[in-house]
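Structure, as structure tokens:
The values are calculated or read from the model by the stated rules, or taken from the named source; none is laboratory data. Keep in mind that what you see is a predicted model, and the values were worked out from it rather than measured. With ideal geometry, Cβ positions are generated from the backbone for all residues, glycine too; neighbour counts draw on all protein chains shown. Side chains included, ligands, DNA and RNA excluded: accessible areas come from the protein's heavy atoms. Shrake-Rupley method; radii C 1.70, N 1.55, O 1.52, S 1.80 Å.
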Amino acid sequence: VIANFSGYVQAMLQEYAKNPSQNWKSKDAALFLVTSLAAKAQTQKHGVTQSSDLVNVTDFFTAHVAPDLQSPNINESPVLKADAIKYVMVFRSQLPKETLGACIPHMVRFLLSESHVVHTYAACGIERLFTVKLENGKHAITRASLESQTEGLLTNLFNALNMPGSGENEYIMKAIMRSFYLLQDAIVPYVGILISKLTEKLIAVSKNPSKPHFNHYLFESFCIAI
């Protein structure tokens, strides 16, 4: 089965390469097959923990996933951008920490995508990568590695909540909570503005509380900020 599907994956990627703008569905199908069939063992917490022989996870990322993440136009090919983020999330325990770190700035950019799916995937991807731990028990993404990106990360996360349809997006709020937790007192210079924005959101949702998970992460974010 793996050998058969490996041939299909290569054929669809070649089809995409002939005309990327027209044949994007071929790459979408190829990425779907890889994320579905390359997993040999996986958990909700860690993603794929053991991969099959379908592809080399890191090489496939470099050749076929990274170009979509690095695309300067955040609104172009939204399906392929979502596929790329999903690939990173699924194989987060298999990819080198340097690769995960390099993905963060692109996901931060994608938080401003007009596509509801893309900015939601970006928030979910950031939150998942912030939980990845190495064999020594330390986080793959550290507060120090985020130092230069702190302001942009926080700004884009809160701006994403202003996107149409994402006013109570639980994935974005969970990413905010996880960012606060990872950054700890690095958020102190911004905490006045952050508390103000959280309070605005609390006042808005208290009028008609309808998303319990969103509200939970909102209160968690308050607690960490305090």
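Our note on the geometry: Cα centres of segment 181-218 and segment 120-139, 20 Å apart. A cut-off of 5 Å between modelled amide H atoms, ignoring neighbours fewer than 5 places along the same chain, links K133 with A140.
From the square roots a ≥ b ≥ c of the eigenvalues of the alpha-carbon gyration tensor of segment 74-209, which class results: rounded (a/c under 1.5), prolate (a/b over b/c), or oblate? Taking the square roots of the gyration eigenvalues as a ≥ b ≥ c, segment 74-209 is oblate. The apolar share of the surface of the chain, taken as the fraction of accessible area on carbon and sulfur atoms (1.4 Å probe, ligands and nucleic acids excluded), comes to 54 percent. Estimated at 0.36 nm per residue, the fully extended path between Q22 and E98 surpasses their Cα-Cα distance by 24.1 nm.
Placing R0 at 35 angstrom, the Cβ-Cβ distance between T142 and N75 gives a FRET efficiency of 0.70 after rounding to 0.05.
List the relative contact order of the chain as a percent without decimals, with contacts defined as Cα pairs under 8 Å and 6+ residues apart.
Worked out over the chain, it gives 14 percent.
Estimated at the nearest 10 Å², the accessible area of V9 is 0 Å² with a 1.4 Å probe. Under the convention that each Lys and Arg Cβ holds +1 and each Asp and Glu Cβ holds -1, the size of the dipole of segment 70-127 around its Cα centre is about 140 debye.
Calculate the dipole size of the chain relative to its Cα centre from +1 charges on Lys and Arg beta carbons and -1 charges on Asp and Glu beta carbons; express the result in debye to the nearest 20.
With only Lys, Arg, Asp and Glu charged at Cβ, the dipole is about 340 debye.
When you restrict to C-alpha pairs under 8 Å that are six or more residues apart and normalise by the size of segment 121-226, the relative contact order lands at 30 percent.
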